[in-house]
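These notes are about the structure you will find just below.
Taken together, the values in this text are just the output of simple stated rules run on the coordinates, not laboratory data. All figures in this text were calculated on a predicted structure; none of them were measured in a lab. When we count neighbours, we look across all protein chains shown, and the Cβ atoms used for this are built from the backbone with ideal geometry, even at glycine.
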Amino acid sequence: MDKFRMIFQFFQSNQESFMNGICGIMALASTQMYSAFDFNCPCLPHYNLAYGLGILLLPPFILFLLGFVLNNNISMLAEEWRRPQGQRGKDPAVLRYMFCSMAQRAMIAPAVWVSVTLLDGKCITCAFCTSVPVETLGNASHPYLSKEEIQRVLARIPCKEIYNGQQLIANEVAVRYLRCISQALGWCFVLLMTTLAFLVRSLRPCFSQAAFLKSRYWSHYIDIERKLFDETCAEHARSFAKVCIQQFFEGMSTDLVAARCHLPRKVPADAGEAAEKLLGITDQGTMNMALKSWHRCKPPLHLHPPALSNGNGWAGEGQPPTHPSVPRRETAAYYSWV
């Protein structure tokens with residue numbers, strides 16, 4: 001349990017670790033889905049290709065979209081892309097980094113599905129069983145079968161229980177031939193994906209490390225800023241609701257006192273604290289205006305610290321005085337009424 005707790009805490013440490021854990025879980029889920037999937041080839045000439053390629057390509061596409069859906073940054077990317085310019089510019093490099101990061105993680109589960117499917121060989125056997133070279137592997141000079149009948153017989157190769165073309169080509173020979181081709185394609189696909197991942201991870205810092213760090217930093221900043229804004233809005237909503245409820249009960253107690261129902265009144269201790277958290281926003285229209293202003297014109301990413309004065313000058317961005325200030329002499333006058 002301690003190991004699982006440590007792994008769970010690592011996944012929750014930051015956004016990237018969390019998404020890596022989600023992608024790993026999806027990759028394991030894709031293998032379990034394929035192992036639990038009941039593959040039934042239709043064994044018909046006009047349907048084998050569609051069924052085999054559909055099982056090979058359609059689930060990876062669904063898993064790819066699911067990887068985008070489960071990624072929390074997709075809504076943040078869409079919001080950052082569609083928001084008005086306002087007081088803060090939009091950096092295309094940051095948007096590209098966020099999209100590429102999500103796409104790389106979303107591709108893990110589809111790549112695992114395609115690899116497992118090709119290494120298993122059932123889809124390729126079903127899809128291309130009618131393309132088996134009968135001239136090389138079997139008896140192409142069968143005198144009683146036309147070309148259409150040969151295609152119909154070859155389409156039954158994946159269905160061993162109904163295959164009746166042993167005189168044309170042995171079922172074991174055709175299945176082994178197609179499975180070897182499928183496994184070769186599977187290992188080539190795994191090698192290609194591994195090589196691409198290695199090149200992306202190793203060569204990217206060699207060319208644009210500074211731009212990569214800048215894009216990664218501001219991507220993390222946008223994520224943290226959004227979380228803090230949501231937390232601030234939630235805290236304001238809680239304080240707003242608390243003050244509204246307190247005012248409601250105070251009004252009810254006032255009405256009861258006016259109706260000669262003397263009830264003890266106790267001022268809540270946290271009423272002032274809740275009112276301070278409202279930051280002057282005390283009605284629905286002002287809050288809506290603040291939310292629209294945050295979306296339309298976010299504050300620029302430039303902090304202006306207040307200028308601080310010391311004994312010799314000014315510690316700020318303003319120009320310090322050229323000469324030290326001369327202390328003023330203060331005199332006191334006393335008047336007496338005698």
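For chymotrypsin sites (Phe, Trp or Tyr not before Pro), the sites in the stretch 24-106 that DSSP calls loop and that have at most 16 other Cβ atoms within 10 Å are Phe37, Phe39, Tyr47.
Couplings 3J(HN,Hα) of the stretch 177-189, computed from phi: 4, 5, 5, 5, 5, 5, 5, 5, 5, x, 5, 5, 5 Hz, in residue order, whole Hz [Karplus 6.51 cos²θ - 1.76 cosθ + 1.60, θ = phi - 60°; x for Gly and Pro]. Here the Karplus curve 6.51 cos²θ - 1.76 cosθ + 1.60, taken at θ = phi - 60°, turns the phi angles of the stretch 243-248 into couplings of 5, 4, 5, 5, 5, 5 Hz, with x standing for Gly and Pro. Can you pull the one-decimal nm distance between simple spin-label points at Arg201 and Ile162, each 7 Å off the Cα toward Cβ? Each label point is offset 7 Å from its Cα along the Cβ direction, giving 4.7 nm. With θ taken as phi - 60° and the Karplus curve 6.51 cos²θ - 1.76 cosθ + 1.60 applied, the whole-hertz 3J(HN,Hα) list for the stretch 225-232 is 4, 5, 5, 5, 5, 5, 5, 5 Hz, x standing for glycine and proline.
Length available on full extension from Arg179 to Ala234: 0.36 nm per residue minus the Cα-Cα distance, which gives 14.1 nm.
Each part gets one Cα centre, and for the stretch 150-176 versus the stretch 109-140 those centres are 13 Å apart.
Near the amide H of Tyr47, within less than 5 Å, lie no amide hydrogens of residues on another chain or at least 5 residues away, with H placed in the peptide plane. On the beta carbon distance between Glu172 and Leu213, with R0 = 51 Å, the FRET formula returns roughly 0.35. The GluC sites (Glu not before Pro) of the stretch 132-231 that DSSP puts in a loop, and whose beta carbon has at most 14 other beta carbons within 10 Å, are Glu161.
Extension gain, Lys90 to His304: 0.36 nm times the residue separation minus the Cα-Cα distance gives 75.0 nm.
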